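These notes concern the structure reproduced below.
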Amino acid sequence: MKKFNLFFNIEKEEQWLNGQLQKGYRCTNISGWGIYSFEKTDKRYVMRLDYQEHLSKNQFEEYKGIYEDFGWHYIKGGWLGGLRYWQKEEDGQDELFSDRQSKGSYYNRLMGYSLMLGMLCLFFSFMLYKDTGFSELYFKGLWDMEGSLFWKAFLFETPFVLLKLSPAILVVVFSSTYYKAYRKYTMLKEK
Amino acid sequence: MKHKLLPLSETMHYILLALREPLHGYAAMQKIEEMSKGSVILAAGTLYGAIENLNKHGWIECVGDAGRRKIYEITAEGRDILKVEQERLSHILSLYEGSEPNEEV
């Protein structure tokens with residue numbers, strides 16, 4: 001079974017994946033374009049997403065080795081480096097982090113991830129809108145049209161406008177994921 | 001200012017104590033489970049992060065490998081840290097015993 005989905009929030013993605021697993025599936029592959037492959041299974045699996053960037057080959061082997069010793073199986077994937085997908089059979093030890101400090105630094109890494117993506121989109125937005133601003137999103141002649149012709153043209157153009165606006169929309173999306181990770185990070189740090 | 005890993009968290013404390021003998025990561029986790037009578041069971045990400053961190057600060061070091069697994073052991077610097085922590089904790093314990101009542105009051 002293949003499913004398509006796009007996520008801009010790691011925790012939402014993890015929830016969705018585990019939702020699929022609870023229906024009696026296990027994940028076999030994740031392609032870079034949001035295509036998740038599953039197969040039926042009688043066993044119960046659980047998935048966890050980790051974020052680790054800049055692992056050298058040696059570091060990655062050590063990282064993968066330790067996780068595998070704990071029964072985690074690495075699933076390649078992610079449309080950008082850094083996101084790591086782990087799956088294992090449910091056995092009561094199903095978390096990647098067992099103390100407050102390490103869970104906190106996990107959220108700290110997620111903050112860095114959202115910040116990086118947010119900045120990237122901000123940069124794209126700047127490049128895209130710096131000459132025209134938002135005023136010329138729609139075709140100029142559109143505003144002179146009347147009646148049903150106007151509405152048809154308006155509806156026709158709106159998807160393209162949204163596409164043009166997507167970097168700006170993503171800046172907002174990533175800001176919000178940054179803020180969510182930041183809230184969890186400070187909650188774990190305070191106590 | 002104090003080192004950012006001090007006072008040691010329970011996880012770091014147990015790892016340093018376990019690595020007084022050379023062990024690979026997963027064996028350290030098993031040893032810690034036994035040492036703590038089952039109360040501290042480290043998860044994979046926590047163990048990996050802690051080992052990276054302790055290694056970075058030079059408190060443990062890689063002393064060889066068994067197959068693909070790296071074996072770690074505490075360093076002299078790591079042992080000094082344990083001494084400092086031992087003194088801190090025995091002082092706190094002595095306060096429990098009431099051997100140092102509020103002298104200045």
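The values are calculated or read from the model by the stated rules, or taken from the named source; none is laboratory data. Because the structure is a prediction, the values reported are computed rather than measured. Note that each Cβ is placed from the backbone with ideal geometry, even for glycine, and that neighbours are counted across all protein chains shown. We work out accessible area using only protein heavy atoms, side chains counted, and drop any ligands, DNA or RNA first. Shrake-Rupley method; radii C 1.70, N 1.55, O 1.52, S 1.80 Å.
Largest first, the residues A:V172, A:V46 sort by 1.4 Å accessible area into A:V172, A:V46. Only protein heavy atoms count here; under a 1.4 Å probe, B:S39 has an accessible surface of about 90 Å². Computed from the Cβ-Cβ distance with R0 of 41 Å, the FRET efficiency linking A:D91 to A:N5 stands at 0.90. Normalised by the number of residues in region A:2-89, what is the relative contact order in percent for Cα pairs under 8 Å and 6+ residues apart? It comes to 30 percent, rounded to a whole number. Just to be sure I understand the interface: list residues from region B:15-57 that lose 40 Å² or more of accessible area between the chain on its own and the complete protein assembly, 1.4 Å probe. Residues shielded by partner chains are B:Y26, B:I41, B:A43, B:A44, B:G45, B:T46, B:Y48. Structural descriptor for chain A: relative contact order 20 percent, calculated from alpha carbon pairs under 8 angstrom and at least 6 residues apart.
Each residue of region A:81-96 was assigned a 3J(HN,Hα) from its phi angle through the Karplus expression (A = 6.51, B = -1.76, C = 1.60, θ = phi - 60°), giving x, x, 7, 10, 9, 10, 9, 8, 6, 5, 8, x, 10, 10, 9, 8 Hz with x at Gly and Pro. If R0 equals 51 Å, the separation of the Cβ atoms of B:L5 and A:W151 corresponds to a calculated FRET efficiency of about 0.20. Shown is the FRET efficiency for A:K140 and A:L55, computed with R0 = 45 Å from the Cβ-Cβ distance and rounded to the nearest 0.05: 0.35.
Test of the criteria: in region A:1-103, which trypsin sites (Lys or Arg not before Pro) are in a DSSP loop and have at most 11 other Cβ atoms within 10 angstrom of their Cβ? Qualifying residues, ordered by number: A:K23, A:K43, A:K76. Put the Cα centre of region A:147-191 next to the Cα centre of region A:15-71 and the gap is 28 Å. A 1.4 Å probe, protein heavy atoms only, puts the accessible area of A:I169 near 80 Å².
Here the accessible area of chain B is 51 percent carbon and sulfur, with a 1.4 angstrom probe and all protein chains present.
Contact order for chain B, expressed relative to its length and based on alpha carbon pairs under 8 Å spaced 6+ residues apart, stands at 26 percent. Across region A:36-42, rounded Karplus estimates of 3J(HN,Hα) from the backbone phi angles (6.51 cos²θ - 1.76 cosθ + 1.60, θ = phi - 60°) give 9, 9, 10, 9, 5, 8, 8 Hz, Gly and Pro being marked x. Placing a pseudo-label 7 Å from each Cα along the Cα-to-Cβ vector at A:S176 and B:K56 gives an inter-label distance of 3.2 nm. In this assembly, the A-B interface accounts for approximately 1600 Å² of buried accessible surface in total, computed with a 1.4 Å probe and without ligands, DNA or RNA. Can you work out the base-10 log of I(q)/I(0) for region A:2-89 at q = 0.10, 0.14, 0.21 1/Å, using the Debye formula on its C-alpha atoms alone? With no solvent term, the Cα-only Debye profile gives -0.24, -0.47, -1.04. Averaged per residue, chain A has 61 square angstrom of accessible surface, using a 1.4 angstrom probe with ligands and nucleic acids left out.
Rounded to the nearest 500, the helix-only mean residue ellipticity at 222 nm of the protein assembly as shown stands at -18000 deg cm²/dmol, with each DSSP H run of n ≥ 4 adding -39,500 (n - 2.57). Spin-label pair B:L89-B:E34: with each label point 7 Å from Cα along the Cα-Cβ axis, the two points sit 1.9 nm from one another.
For the options B:A28, B:A43, B:A18, a Gaussian network treatment of chain B with springs between C-alpha atoms closer than 10 Å singles out B:A43 as fluctuating the most. Solvent-accessible area assigned to carbon and sulfur over region A:100-190 amounts to 71 percent, based on a 1.4 Å probe. Solvent-accessible area of A:M145, all protein chains in place: 60 Å² (probe radius 1.4 Å, heavy atoms, ligands and nucleic acids excluded). Partner shielding of A:88-98 amounts to 3, given as the average count of beta-carbon atoms from other chains within 10 Å of each residue beta-carbon.
Residues whose amide H comes within less than 5 Å of that of A:N29, counting only those at least five positions distant or on another chain, are A:S37 (H built at 1.01 Å from N in the peptide plane).
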